[in-house]
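One structure is given below, encoded as structure tokens.
The values are calculated or read from the model by the stated rules, or taken from the named source; none is laboratory data. From a predicted model like this one, the values you see are computed outputs, not experimental measurements. Every residue, glycine as well, gets a Cβ built from its backbone with ideal geometry; the counts of neighbours run over all protein chains shown. With ligands, DNA and RNA removed, areas are computed over all heavy atoms of the protein, side chains included. Shrake-Rupley method; radii C 1.70, N 1.55, O 1.52, S 1.80 Å.
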4 protein chains.
Amino acid sequence: MIRVTIYNENIHDKLDHIKAVYPNGMHGAIKECLEADGRVTVNVVTLDMPECGITDELLANTDVLFWWGHAGHEKVPDSVVDRVQKRVLEGMGLVVLHSGHFSKIFKRLMGTGCNLKWRESGDKERIWITSPSHPIAAGLPESFVLPKEETYGEHFDIPNPDEVVFTSWFSGGEVFRSGCCFLRGNGKIFYFRPGHETFPTFFDENVRKVLVNAALWAAEDRGVFQTYGHYPSPETGLLN
Amino acid sequence: MIRVTIYNENIHDKLDHIKAVYPNGMHGAIKECLEADGRVTVNVVTLDMPECGITDELLANTDVLFWWGHAGHEKVPDSVVDRVQKRVLEGMGLVVLHSGHFSKIFKRLMGTGCNLKWRESGDKERIWITSPSHPIAAGLPESFVLPKEETYGEHFDIPNPDEVVFTSWFSGGEVFRSGCCFLRGNGKIFYFRPGHETFPTFFDENVRKVLVNAALWAAEDRGVFQTYGHYPSPETGLLN
Amino acid sequence: MIRVTIYNENIHDKLDHIKAVYPNGMHGAIKECLEADGRVTVNVVTLDMPECGITDELLANTDVLFWWGHAGHEKVPDSVVDRVQKRVLEGMGLVVLHSGHFSKIFKRLMGTGCNLKWRESGDKERIWITSPSHPIAAGLPESFVLPKEETYGEHFDIPNPDEVVFTSWFSGGEVFRSGCCFLRGNGKIFYFRPGHETFPTFFDENVRKVLVNAALWAAEDRGVFQTYGHYPSPETGLLN
Amino acid sequence: MIRVTIYNENIHDKLDHIKAVYPNGMHGAIKECLEADGRVTVNVVTLDMPECGITDELLANTDVLFWWGHAGHEKVPDSVVDRVQKRVLEGMGLVVLHSGHFSKIFKRLMGTGCNLKWRESGDKERIWITSPSHPIAAGLPESFVLPKEETYGEHFDIPNPDEVVFTSWFSGGEVFRSGCCFLRGNGKIFYFRPGHETFPTFFDENVRKVLVNAALWAAEDRGVFQTYGHYPSPETGLLN
């Protein structure tokens, strides 16, 4: 079983108009979707827990961490960010959702500003698959529609992704690299664009396939143990 | 079960000094190694079979094609190369070994000259893992040695690989990108450098892990069905 | 001065309704735009010339070859394609325009099917810059519009580009990687999507900046001379 | 003229056995080399200056920042690192030398551990060009030798570079990606491996060509101005 931890800051989720969309919070919808697959167990942690619930022990027992945040990015302590970065480089997967593009942990791992254009005008989003052999695209049609979503537009200020699985079209005129894979250390990172709190995106059948596929993909850690630091010559044995 | 076909031109393999190294041909050694894994079935075809044994029917029933060739590159008919290229783009995996860098099918899929420096002075080769989280590196130490191999040296005239899993060091002074992954259409291609006919490379324990890992990796085809050609607007339904 | 050769098959250009858009052919519009820059000299060759006008001598004196073809792709002799490929790998730049995605030379250099979705419904195209520091984007606004163009849609069956400078949005619902850079051998290749014969695209101010920028970028060949083939050890001098 | 600033922490450079190699400090050798090109002006700043000499005003007047650090990495204030990162993302070039792989600014921009294997046994280093058409390789032979250098070995824990210009061979058995290009925001970053303080590497003729080429390459900023944040639909003008 793949051990997933979902971090949701759980701020918007307490508002009535969001509860109307996500009665159990966005984390509830994501948890239900992942567990329904049968290959995944899920823990949920939130911003209001001590250390955001993200202890060293939890991370040691997490194969993939999902991350949704927005209003509370700055409230996540740097010590938690340090800890998550370390674990990703060791091999834990990380799936960053929607406004998580501006989270401390995503910016930390990217090294760039991670900025973009945005607008809440209820555009239609059409998501095209631009890397058809990628495991995260398994089982999807060649494009699918979210009737209303927040719009994100390029330029998305990230390093060139190792693979771009999805590219979005918005009715308002924008395009966006919506499914981006990054390899960092032994860890795999997937950024997935959709998931605004005011829309029922995490109940969409295709989005749910993406979430499951992403968990399976990011969980894979065939990382070879690497020695770093002072190292003897493999030819002569000399160390100095 | 993953269905592997091994193409070996089987020219050198008939010479006495090569038989001393590979009593059942290089294809025999590779077949035995893959079958021992338990997840793979293997067919062998050779240059002297009609159409090199590579019919449309065979390809339709092949998940991954392994390719070893050298002296007989020019004898492979273009019609066979066309057929293999088409199947790779549809999603079949291709594992190209050693001197297969100069095969028609590899040059066809790369679009470049695929040239390199070479020398048969019996250099020691040390293979380092440069992409530790890659499935083809699973179970390997951070470097391993082949006591004697043919030397290949950069510049290797290929497109930038999608991932470089291995980089070789040679005692004679060269470096080489020895494990290169390429995505083409729905297909996955892996080039693996070692495997000169005069050395028992395909009996090496680490090389055998690479061969099995490469078969498993290249077999994965989660390819979304893609429509090409004249296509109606998904927004308006207009075709013209 | 950068020596550009424009190959235009010059078939559509002879029809009255195309002449109404391009009185001097598409090659005439492109030539005028490049020469106006002052750093470029231009030769034009067409399909009806012996060997398409593309002789070894011409290629030896060409820094960048522009290519527009559609109806006459199959009429370009393979010997000409061989010659152009060889020269690109030696360091000549190649700028492939619009329907040139299906030319023999582009498919040869890519190794893939180069297929896509298309439609002539007069969609609006909006071109976004997705690699803002790239020389081909110099002087452009962050997006620009072509009021009517042929629509191309993903999946575009090419290898992962070395850089994606432009991504297009179409009013009909598609997205497309419209400006793709590929390094092959010592040569630089740029694919640029717009340029359908029925629209005055090659008179558009922003497109003309792209054409000039692409000529300057693709002309750069700082290629180190590379030795290939049998090569003595740089450590011991041994050749065998 | 390209405006280069060289940051050298200038700690080792004050020791007698280093002065014997670099009478004017490593910064002196690098400055002399860049100025000799005639297209570059050079400022030098050091760790012991207020704010390491790296003020907003200096950065606003710097096209490319060279960075050599080792013993003093932790003494560079985070506020200086913030400032440099911001300027790189805006378009300033950054050339990181040797032990600068462990500087705060490089780790910040990479998002990874940037660790590696190392040894001071005086190995011979042979540097091969693995991207022959890259401007940083201009004028170099296909390989060149540094008779003695500190050894660095893979795995080098960095994101996949946008381009790998050099790969090193060491007599002790290691390989290393020694010339790595990264695009981040509008900025260009070049990591160059050689340059240990105890060896006269910065006087080597080929290394000096690399330094000049790197300054010219990293200085290029054709960055399109990008709007980020709340953005109206280019189709409808709607902002909400």
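Quick rundown of the values:
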| quantity | calculated |
| --- | --- |
| The range D:100-239: relative contact order in percent, alpha carbon pairs under 8 Å with at least 6 residues between | 21 percent |
| D versus C: buried accessible surface, summed, Å² (probe 1.4 Å, to nearest 100) | 2500 Å² |
| Normalised contact order of the range D:182-240, rounded percent, pairs of Cα under 8 Å and 6 or more residues apart | 27 percent |
| Area accessible to solvent at B:V42, 1.4 Å probe radius, in Å² | 20 Å² |
| The protein assembly as shown - mean residue ellipticity at 222 nm from DSSP helices (-39,500 (n - 2.57) per run, n ≥ 4, rounded to 500) | -6500 deg cm²/dmol |
| Share antiparallel - DSSP beta bridges, the protein assembly as shown, percent rounded to 5 | 55 percent |
| With DNA, RNA and ligands ignored, accessible area of A:T227 (1.4 Å probe; Å², nearest 10) | 40 Å² |
| Label 7 Å beyond Cα on the Cβ vector: C:L238 copy-to-copy distances, nm | 2.1, 7.1, 7.3 |
| Förster radius 35 Å - calculated FRET efficiency between B:E90 and D:T41, Cβ distance, rounded to 0.05 | 0.05 |
| Kirkwood estimate for chain D, i.e. one over the average of 1/r between Cα atoms, Å | 18.4 Å |
| Dipole magnitude (debye, nearest 20) for the range A:84-240, charges at Cβ of Lys, Arg, Asp, Glu | 320 debye |
| Nearest beta-carbon to the C/B symmetry axis - residue in chain C, distance in Å | C:G111, 2 |
| Amide hydrogen neighbours beyond the local backbone of C:S121, cut-off 5 Å, H modeled | C:T151 |
| Rounded FRET efficiency, nearest 0.05, which uses the C-beta distance separating B:I18 from A:K148 and R0 of 51 Å | 0.15 |
| Nearest-first distances (nm) between copies at B:D56, label 7 Å from Cα via Cβ | 3.9, 6.3, 7.0 |
| Cα pair distances of the range B:1-109 binned at 10 Å [whole percent] | 15, 50, 31, 4 |
| With all protein chains modelled, accessible area of D:M92 [1.4 Å, Å²] | 0 Å² |
| Rounded to 10°, Cα long-axis angle of helix B:205-219 versus longest principal axis of chain B | 10 degrees |
| Neighbour-limited loop hits for trypsin sites (Lys or Arg not before Pro), the range B:1-99 (at most 11 other Cβ within 10 Å; DSSP other than H, G, I, E, B) | none |
| GNM result for chain C, Cα springs below 10 Å: residue of C:E120, C:E220, C:E197 fluctuating most strongly | C:E120 |
| Point-to-point label distance, A:F225-A:F203, nm (Cα→Cβ direction, 7 Å offset) | 4.9 nm |
| Label distances, nm, A:D78 versus same residue in remaining copies, Cβ-directed 7 Å point | 0.1, 6.5, 6.5 |
| Length-normalised contact order for chain A - Cα pairs under 8 Å, 6+ apart - percent | 21 percent |
